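Some notes on the structure that comes next.
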């Protein structure tokens with residue numbers, strides 16, 4: 001695994017790229033943030049080149065066991081939307097860019113956290129096939145799948161490898177939805193959106209908006225190359241078809257604040273909600289899966305001063 005020598009140190013130029021106080025407040029109100037240019041052109045080129053090598057089969061290490069809900073596209077799956085989890089663990093070229101301390105520092109400002117660790121990283125390719133059903137990502141929020149995580153402040157950086165707009169099926173946020181009180185949730189919400197009926201998810205969004213007397217305001221993220229969007233773990237989001245003539249290439253970098261840890265979350269059938277980490281990470285002294293295991297959940301920012309508010 002690659003290492004970061006100083007995950008709490010930024011250059012003066014990098015500090016200028018952090019969210020302002022006003023932008024931190026905007027994130028708190030709206031549940032999303034469009035960053036400044038956090039990756040240089042060379043870094044984006046490196047990320048793209050590393051992704052191509054990954055798809056060609058290059059790995060620096062492999063998972064010792066296959067978790068039960070692992071997303072892992074392989075060539076025999078064909079021209080569907082590709083999702084590959086744990087790329088920060090398997091491929092050092094991808095990891096080097098994804099673990100850039102500046103990304104963690106931005107997340108720390110938004111989450112008002114002292115420490116930011118990787119929670120998961122998913123390499124995504126949305127093929128330029130307008131009618132491909134797998135290209136449509138229905139409305140959902142990530143915390144549903146992280147029920148075994150104690151934090152309510154986790155967040156995701158969506159990192160495209162090119163200019164990314166509506167034509168390519170960019171990520172789209174439901175403005176302010178992270179502040180809604182949720183109704184109508186049951187055990188099915190812990191199942192990934194790919195395993196659920198799209199119309200049911202549309203109905204859940206509409207019902208929750210109505211319960212909160214809120215309008216469903218959908219905001220497509222127009223993300224220039226080198227920039228990225230961040231969203232709160234309870235912000236509803238999705239994406240549409242890629243009607244361009246180029247694949248949409250990106251990484252979803254899921255991030256956890258320092259206090260996050262495993263918690264027991266009972267389901268109605270008597271089992272506990274689980275995450276893929278649970279079969280991979282080391283155990284805490286009391287026997288819980290350790291979501292701070294540096295092998296799978298490395299620190300990318302530490303000792304950034306949290307913001308008041």
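Per-structure values
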| read-out | value |
| --- | --- |
| Whichever residue in the stretch 225-284 is without any contact (Cβ under 8 Å) to a residue 60 or more places away in the chain and not in a strand (DSSP E or B) and, among such residues, is nearest to residue 45 (Cα to Cα) | 281 |
| For residue 187: the one exception among (1) surrounded by 15 or more Cβ atoms within 10 Å (Cβ to Cβ); (2) modelled with pLDDT under 95 | (1) |
| Residue match in the stretch 61-77 (condition: closer than 18 Å to residue 233 by Cβ and modelled with pLDDT of 95 or more) | yes |
| Residues located in the stretch 148-165, provided they are surrounded by fewer than 19 Cβ atoms within 10 Å (Cβ to Cβ) and over 19 Å from residue 229 (Cβ atoms) | 150, 152 |
| Test: residue in the stretch 8-15 that is touching a residue at least 60 places away in the same chain (Cβ under 8 Å) and within 21 Å of the chain's Cα centre (by Cα) | no |
| Tally, over the stretch 116-147, of residues that are in a strand (DSSP E or B), surrounded by fewer than 24 Cβ atoms within 10 Å (Cβ to Cβ) and in contact with a helix residue (DSSP H, G or I) (Cβ under 6 Å, 6 or more places away or on another chain) | 4 |
| Test result for residue 42, modelled with pLDDT of 95 or more and either closer than 29 Å to residue 235 by Cβ or out of contact with any helix residue (DSSP H, G or I) (no Cβ under 6 Å at 6 or more places or on another chain) (or both) | yes |
| Candidates 261, 304, 309, 287 - the one that is modelled with pLDDT of 95 or more and either surrounded by 18 or more Cβ atoms within 10 Å (Cβ to Cβ) or under 30 Å from residue 20 (Cα atoms) (or both) | 261 |
| So residue 207, is it at pLDDT 90 or above, surrounded by fewer than 20 Cβ atoms within 10 Å (Cβ to Cβ), assigned to a helix (DSSP H, G or I) and out of contact with any helix residue (DSSP H, G or I) (no Cβ under 8 Å at 6 or more places or on another chain) | yes |
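The values are calculated or read from the model by the stated rules, or taken from the named source; none is laboratory data. Everything quoted here is computed from the prediction, not taken from an experiment. Note that each Cβ is placed from the backbone with ideal geometry, even for glycine, and that neighbours are counted across all protein chains shown.
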